[in-house]
1. Only one of V113, V127 is at pLDDT 90 or above, more than 21 Å from S227 (Cα to Cα) and of a type in the set (A, V, I, L, M, F, W, C). Can you tell me which?
2. Just name the residue that is nearest to H203 (Cα to Cα) out of those in segment 224-250 that are exposed (fewer than 14 other Cβ atoms within 10 Å of the Cβ) and at pLDDT 90 or above.
3. Within segment 111-131, track down each residue that is assigned to a helix (DSSP H, G or I) and more than 28 Å from R32 (Cα to Cα).
4. Does E209 count as buried (at least 17 other Cβ atoms within 10 Å of the Cβ), in a helix (DSSP H, G or I), of a type in the set (D, E, K, R) and under 12 Å from the mean Cα position of the chain (by Cα)?
5. Here are L84, L69, L54, L63: which of them is among the aliphatic types (A, V, I, L, M), surrounded by 11 or more Cβ atoms within 10 Å (Cβ to Cβ), modelled with pLDDT under 95 and more than 29 Å from T131 (Cα to Cα)?
6. I need the full set of residues from segment 59-80 which are out of contact with any Phe, Trp or Tyr (no Cβ under 9 Å at 6 or more places or on another chain), closer than 23 Å to M171 by Cα and in a helix (DSSP H, G or I), in order please.
7. State whether the residues of segment 81-103 include one that is part of a loop (DSSP other than H, G, I, E, B) and under 30 Å from R32 (Cα atoms).
8. Filter segment 10-41 for residues that are part of a helix (DSSP H, G or I) and either over 13 Å from S130 (Cβ atoms) or in contact with a strand residue (DSSP E or B) (Cβ under 8 Å, 6 or more places away or on another chain) (or both) and give the result.
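The values are calculated or read from the model by the stated rules, or taken from the named source; none is laboratory data. The structure displayed is predicted, hence computed values, not measured ones. Methodologically, a virtual Cβ is constructed for each residue, glycine included, from the backbone with ideal geometry; neighbour enumeration extends over all protein chains shown.
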Amino acid sequence: MDWLSAEPLLRIAFPGLLFILMGFWECFHPARKLTFSRRYRWSHNLLLVTLNTLLVRLLMPVLPVTAALYAAQEQSGVFHVLGLSYIVSLIAGLVLLDLTLYLQHRIFHRVPVLWRLHRMHHADQDVDVSTGLRFHPLEIVLSVLIKVLVVWLLGVPAEAVIAFEVLLSTMAVFNHANVTLPQPFERWLRWLVVTPDMHRIHHSADLRETHTNFGFNLSCWDRWLGSYCNDAHSPLRIGVNGLTESGNSALTGCLPSRSGMYRKAVISDRGRSATG
């Protein structure tokens, strides 16, 4: 298979199929009752996805893959210097890229200017399959640049980069879905990957819970690095304090990272931190 030419199709096909399946599941057996209209939220969230896709494809087409191909051609990067086999490099690349995204996620929560961007994702008043694709365009750009740097420094194989991008988008749809898996299966699966019940806690308006469960794919990072939360401390309330109006789900209401909406949220967050 020509992985490079198939990359755009793979990135759309797998997450797209799961989006449809999980979307139907949400409609008939939702884990939580929605606060706002699905049609209203989805129209804005999917418009944002379209904008981000065009931004990345037009301004930064397959940059992480290009970095991987360059590293392979020049035999640069840690994996090539150590002479690791293709299989070992492939697996190590997938695992270390996932760790990179986990650490990036934690940093975006702790650095104020980056949190203003990432908070768009958390400002959604409900969590469902569309939330997993809702990110500030500047956050998407920064994330791509971070992946480019890591891929180049490690010498990650191009196939691992493509597989990781497909897996990342697919898992984002899965673990944001407004569904609950059968509990015995959910408890078992949570030891391996991030489940919807686990990630939903991360979208809590309670800061003690917002800053937990940062994982995207593997759940082990939260367990090993002290950010795991097994269950909400109180009845789960989704969103960000100070961003509780329906307009915050709209594209025009959440794109400006320094709008009045965000200034109110900063004040609210500070108050919550001081009291809890």
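1. V113
2. It comes out as N230.
3. Scanning segment 111-131 gives P112, V113, L114.
4. Here the answer is no, as E209 does not meet what is asked.
5. Within the list L84, L69, L54, L63, the selection yields L69.
6. L63
7. No: segment 81-103 contains no residue that is part of a loop (DSSP other than H, G, I, E, B) and under 30 Å from R32 (Cα atoms).
8. Residues satisfying the conditions are L10, R11, I12, A13, F14, L17, L21, F24, W25, F28.
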